1. So, in segment 45-65, exactly how many residues are farther than 13 Å from Leu29 by Cα and either assigned to a loop (DSSP other than H, G, I, E, B) or at pLDDT below 80 (or both)?
2. In this structure, is Ala210 within 16 Å of ligand 1 (Cβ to nearest atom) and closer than 27 Å to Gly44 by Cβ?
3. Between a residue in segment 196-215 that is more than 20 Å from Asp180 (Cβ to Cβ) and any residue that is within 15 Å of ligand 2 (Cβ to nearest atom) and at pLDDT 85 or above, which pairs come within a Cβ distance under 6 Å, given they are 6 or more apart or on different chains?
4. Quick one: which of Arg138, Arg124 is touching a Leu at 6+ places or on another chain (Cβ under 8 Å) and closer than 24 Å to Pro175 by Cα?
5. When both residues are 6+ apart or on different chains and their Cβ atoms are under 6 Å apart, which pairs have a first residue that lies in segment 271-286 and is over 11 Å from Pro298 (Cα atoms) and outside the structural domain of Cys45 (by TED's automatic domain parsing), and a second that is hydrophobic (A, V, I, L, M, F, W, C) and within 16 Å of ligand 2 (Cβ to nearest atom)?
6. Looking only at residues in segment 132-155 that are touching a residue at least 40 places away in the same chain (Cβ under 8 Å) and either assigned to a helix (DSSP H, G or I) or acidic (Asp, Glu) (or both), which one is nearest to Ala32 (Cα to Cα)?
7. Return the only residue of Leu179, Leu209, Leu198 being closer than 27 Å to Thr284 by Cα and not assigned by TED's automatic domain parsing to the domain that holds Gly279.
8. Pairs please, first residue from segment 45-62 and under 20 Å from Ser272 (Cβ atoms), second anywhere and at pLDDT 85 or above and acidic (Asp, Glu), Cβ atoms under 6 Å, 6+ apart in sequence or on different chains.
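The values are calculated or read from the model by the stated rules, or taken from the named source; none is laboratory data. Computed from a predicted model, the values in this text were never measured in an experiment. Cβ coordinates were reconstructed from backbone atoms using ideal geometry, including for glycine residues, and neighbour counts include every protein chain displayed.
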Amino acid sequence: QATALKKYFETGSSFTGKSSVRAVDDVSLDIARGETFAIVGESGCGKSTMARLLMRLLSPTDGQVTFDGQDVSNLKGKELKALRRDMQFIFQDPFSSLNPRMAVGSLVGEPLETHFPEMSKQQRRTKVAELLGLVGLRAEHAERYPHEFSGGQRQRIGIARALASSPKLIIGDEPVSALDVSVQAQVINLLSDLRDDLGLTLIVIAHDLAVIRHMSDRVAVMYLGKIVEQGPVDTIFSQPRHPYTRALLSAIPVAEHGRDRDRITLDGDMPSPANPPSGCSFHTRCPFAQDKCKTDVPALRDTATVAGHTAACHFFDDIAAAHPDAVVADS
Ligand code: SF4
Ligand code: MG
């Protein structure tokens, strides 16, 4: 759970004058045990910073992160180490995150040594074989080196490494975006199966809604450090309310959502997070922007679709009425 989380980065020098980048600006999330929660947005929207805050790889400028009911915002030393065991990260590029000079057995065995120093060598070898089996690799693979594997297999090694500490929560930062499309689905299915079998909670960071559709329960869409829409993944696909979410959806091939929908194209690029627009920070690109949008910041509020679906737009009802987006049949 994250409450009113903020992360500002100071930039510039005392000579040029400091400014702060609001990478994550007042974000609250409540992620349930055992669910898969996706955070989606373009690069620079703050999603990776958000993931690092949740993992306590960064400490928040303001706000609180609680995990299993415990405030972990300011943990240090031993307690932080214990938390590290419960939360593991899967990286985007499995190749650069694996030491090329270490055999797979050592790569997967290393976190076992760190977190379970009492394990004997033999126990460790057995556990490594078991972890490789969990991710669909074979025990003999332990002798080989990362370069001998395909991208998908390397991501499996990364997942085995993450599982070594018996975590409760795994956060994947674009875990499949470096992989071929044909391999993406396999890794996504593997993560979903592991979640079910091991009772994990998964947080998946992605820039593309299509990737997370079949593996997530809920999704938060971020733009310039804020959540602009959040809800059950099926509702976000069938009844998106925020214009930015609609734009993300309209970038997905029609085959993915079963019918053609209003095409929304955005003006320009995402503004710099160092200098976000006033009011609704989306107003510089929003085709529906009105005067109010330039001055008033829209709060996340309930939509009339299903419980737990919220969007931050002054006019989502009017927009939904003018552009009725029929329900998308789930394929
Ligand atoms: Fe667009 Fe205004 Fe809604 Fe922001 S508040 S998304 S600018 S219509
Ligand atoms: Mg990123």
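1. Qualifying residue count for the region: 10.
2. no
3. Ile203/Ile171
4. Sole residue among the options that is touching a Leu at 6+ places or on another chain (Cβ under 8 Å) and closer than 24 Å to Pro175 by Cα: Arg138.
5. Pairs that qualify, where the first residue is over 11 Å from Pro298 (Cα atoms) and outside the structural domain of Cys45 (by TED's automatic domain parsing) and the partner is hydrophobic (A, V, I, L, M, F, W, C) and within 16 Å of ligand 2 (Cβ to nearest atom), are Pro273/Val21; Pro273/Leu224; Ala274/Val21; Pro276/Leu224.
6. Looking at residues that are touching a residue at least 40 places away in the same chain (Cβ under 8 Å) and either assigned to a helix (DSSP H, G or I) or acidic (Asp, Glu) (or both), I get Leu134.
7. Only one candidate qualifies: Leu209.
8. Pairs found: Ser48/Asp173.
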